[in-house]
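The values are calculated or read from the model by the stated rules, or taken from the named source; none is laboratory data. Only a predicted model underlies this, so the values are computations on that prediction, with no experimental measurement involved. No Cβ is skipped: glycine too gets one built from the backbone with ideal geometry, and neighbour counts run over all protein chains shown.
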Amino acid sequence: KTLKIAVIAGDGIGTEVMPWGIKCLEAAAKVYNLSLSFTSFDFASCAYYKQHGQMLPDDWKDQLSGFDALYFGAVGLPDVVPDHVSLWGSLLQFRREFDQYINLRPCRLMPGVRCPLAGRKPGDIDFWIVRENTEGEYSSIGGKMFPGTEREVVIQETVMTRTGVDRVLKYAFDLAQSRPKKHLTSATKSNGISITMPYWDERVAEMAKGYGEVKVDKFHIDILTAHFVQRPQHFDVVVGSNLFGDILSDLGPACTGTIGIAPSGNINPTGKFPSLFEPVHGSAPDIMGRGIANPVGMIWAGQMMLEHFGYKDAADAMLRAIESVLAKGDDVVITGDMGGKGDTKSFGEAIEREILGS
Ligand code: NAI
Ligand code: MG
């Protein structure tokens with residue numbers, strides 16, 4: 001079977017790191033005999049917007065629906081197109097229309113990366129954050145009344161559906177079940193938020209009945225953020241609502257070093273629609289055009305993609321290659337954001353060679 005990948009490089013450094021993501025995937029495909037096909041699209045970029053007055057063509061959904069995955073760089077050039085236009089007009093459309101209800105991020109301390117938390121070494125921090133990606137606190141239900149007067153009122157509702165909550169919990173429990181520690185932590189706030197969060201807890205308890213081997217605990221979001229910093233080794237799989245997951249999925253990777261290396265998946269686990277894999281970072285207009293962007297986030301996102309589709313050996317080899325190049329920390333290979341003198345090419349090439357040699 002061929003894994004059909006739509007390549008959307010986007011803007012800024014997205015276009016600079018993408019070629020190295022593809023080269024590393026091709027290297028893994030070569031070694032492990034996988035069939036991957038790449039098809040590039042120029043939309044979802046500010047250049048496309050300047051030409052067409054919109055971020056996406058009207059038939060974008062038809063153009064992309066047949067793919068297994070979208071491999072996405074980054075979008076946004078605030079001096080050219082306002083961020084809410086570029087982001088809402090592209091990436092957020094993909095997430096929504098393709099029902100990518102899981103946002104998945106690894107939180108893993110890699111060798112050779114200076115950890116902002118004192119005294120941690122690789123192996124100490126290795127967990128996944130599973131964020132609900134379609135409902136919860138980010139609903140558009142609500143409104144403003146009596147604007148501009150002293151009686152001004154704003155209201156925005158949290159929406160949790162049984163289907164929406166259960167499907168993200170099921171994904172998180174399955175993930176925990178598949179890992180050696182089999183430990184799931186739920187982010188809650190049922191002491192202060194008295195209707196939706198107790199409901200979330202109730203669904204966690206219900207789901208847990210089907211996973212006898214998985215050890216479950218829960219923390220209120222406030223103390224949970226403190227635990228991320230003070231005892232990150234406690235965690236294995238952490239699941240949270242849209243808002244709590246959003247906060248945790250920035251805090252987690254920040255606890256493990258530079259933004260240039262973190263990947264993320266926006267996943268439709270049913271396979272009915274394509275899933276999207278991207279680096280966490282944006283288009284970095286401040287360094288674009290210089291060829292100095294760190295390609296690891298992009299490459300690691302490709303690794304997540306292979307893992308998601310079950311190509312375990314190839315995915316493991318890619319992760320080992322990334323780890324090994326990071327561990328060597330060769331000054332002329334690694335990029336400036338990690339303290340090196342290398343560039344996108346030297347870093348990408350080193351990882352590609354490592355994969356081919358593995
Ligand atoms: P950013 O992630 O683009 O940059 C933040 C800082 O980190 C910058 O100083 C940048 O130089 C540095 N940085 C980021 N990635 C790097 C890499 N791979 N190697 C070395 N340094 C790196 O976030 P920012 O500046 O807030 O946003 C810039 C644009 O990107 C905006 O238009 C924003 O909307 C968009 N954006 C898009 C995202 C996406 O496509 N998923 C995510 C975040 C931002
Ligand atoms: Mg965020």
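Name the one entry in Ala315, Ala301, Ala284 that is modelled with pLDDT of 95 or more, under 22 Å from the mean Cα position of the chain (by Cα) and closer than 16 Å to Leu70 by Cα.
Working: Ala315 fails: closer than 16 Å to Leu70 by Cα; Ala284 fails: closer than 16 Å to Leu70 by Cα.
Step by step, each of Ala315, Ala301, Ala284 is checked, and only Ala301 is modelled with pLDDT of 95 or more, under 22 Å from the mean Cα position of the chain (by Cα) and closer than 16 Å to Leu70 by Cα.
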Please go through segment 68-99 and give me each residue that is within 19 Å of Gly302 (Cβ to Cβ) and more than 15 Å from ligand 2 (Cβ to nearest atom), ordered by number. Asp68, Ala69, Leu70, Tyr71, Phe72, Gly73, Phe94, Phe98
Scope segment 247-306; condition charged (D, E, K, R) and either within 16 Å of Ile351 (Cβ to Cβ) or within 15 Å of ligand 2 (Cβ to nearest atom) (or both); matching residues: Asp250, Glu278
Could you tell me whether any residue of segment 81-95 is more than 23 Å from Ile287 (Cβ to Cβ), basic (Lys, Arg) and modelled with pLDDT under 95? yes
Can you name the residue in segment 259-305 that is out of contact with any Ser or Thr (no Cβ under 8 Å at 6 or more places or on another chain) and on the phi > 0 side of the Ramachandran plot and, of all such residues, is farthest from ligand 1 (Cβ to nearest atom)? Gly271
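Among the helices (runs of 4 or more DSSP H) lying completely within segment 155-272, list those that include at least 2 residues that are crowded, with 16+ Cβ neighbours inside 10 Å and more than 22 Å from the chain's Cα centre (by Cα). I'd like the intermediate steps shown before the answer.
Details: elements: 162-177, 196-208, 221-230, 242-254.
The qualifying helices (runs of 4 or more DSSP H) are 196-208.
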Search result, residues across segment 239-260 that are at pLDDT 95 or above, of a type in the set (Gly, Ala, Ser) and under 15 Å from Ile223 (Cα atoms): Gly240, Gly245
Restricting to segment 287-298, name every residue that is more than 10 Å from the chain's Cα centre (by Cα), crowded, with 24+ Cβ neighbours inside 10 Å and not β-branched (Val, Ile, Thr). Ala293, Asn294, Pro295, Met298
Please name all residue pairs, on different chains or six or more residues apart, with Cβ atoms under 6 Å, provided the first residue is in segment 45-59 and is surrounded by 12 or more Cβ atoms within 10 Å (Cβ to Cβ) and the second residue is in a loop (DSSP other than H, G, I, E, B) and among the aromatic types (Phe, Trp, Tyr). Leu56/Phe43; Pro57/Phe43
Evaluate the following for Ala284: is it in contact (Cβ under 8 Å) with a residue 12 or more places away in the chain and not in a loop (DSSP other than H, G, I, E, B)? no
Which ranges mark the strands (runs of 3 or more DSSP E) fully within segment 32-145 that have 2 or more residues being away from ligand 1 (no atom under 16 Å from the Cβ)? 35-41, 102-108, 126-132, 142-145
Give the residues of segment 60-89 that are crowded, with 18+ Cβ neighbours inside 10 Å and either farther than 27 Å from Glu352 by Cα or touching a helix residue (DSSP H, G or I) at 6+ places or on another chain (Cβ under 6 Å) (or both), sorted by residue number. Trp60, Leu64, Ala69, Gly73, Ala74, Val75, Gly76, Leu77, Val81, Ser86, Gly89
Criterion (farther than 30 Å from Thr158 by Cβ, in a loop (DSSP other than H, G, I, E, B) and within 16 Å of ligand 1 (Cβ to nearest atom)) met by exactly one of Ile322, Ile334: Ile334
